[in-house]
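Heads up: the structure comes next, in structure tokens.
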């Protein structure tokens, strides 16, 4: 089976390889804990990323710790989850 991981009913925390680009420039490449869950009340899938950088740097770059399907575009190709938000693209996969 070719998939990133299996989401269960409860939240799932997985250490995955995360890359982020801002306006096409790579700003982050690191194995990073990510939490995946579904919020039934808002009918949205949520991804929380525990960036391995300080909050100040994260905010200056324009990254957030939480993304969801109601406000960002999620694309999944079986090997990688891509999250797009304005000029930011985040790529999440098992390994580099």
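Once you wrap a convex hull around the alpha carbon atoms of the stretch 16-59, what is its projected area averaged over all directions, in nm²?
Details: hull surface 15.9 nm².
Its average projected convex-hull area is 4.0 nm².
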Please grab the % of Cα pairs in the stretch 12-93 that end up more than 15 Å from each other. 55 percent
Highest to lowest packing among 33-40, 20-27, scored as the average C-beta count within 10 Å: 33-40, 20-27
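Would you mind calculating the gained length between residue 56 and residue 17 on full extension (0.36 nm times residue separation, minus the Cα-Cα distance), in nm to one decimal?
Working: separation 39, 0.36 × 39 = 14.04 nm, distance 2.16 nm.
Length gained, residue 56 through residue 17: 11.9 nm.
Any read-out appearing in this document is the output of simple, stated calculations on the displayed coordinates, not a laboratory observation. What you see is a predicted model; the values in this text were computed from it and never measured. So basically every Cβ, Gly included, is an ideal-geometry build from the backbone, and we count neighbours across all protein chains shown.
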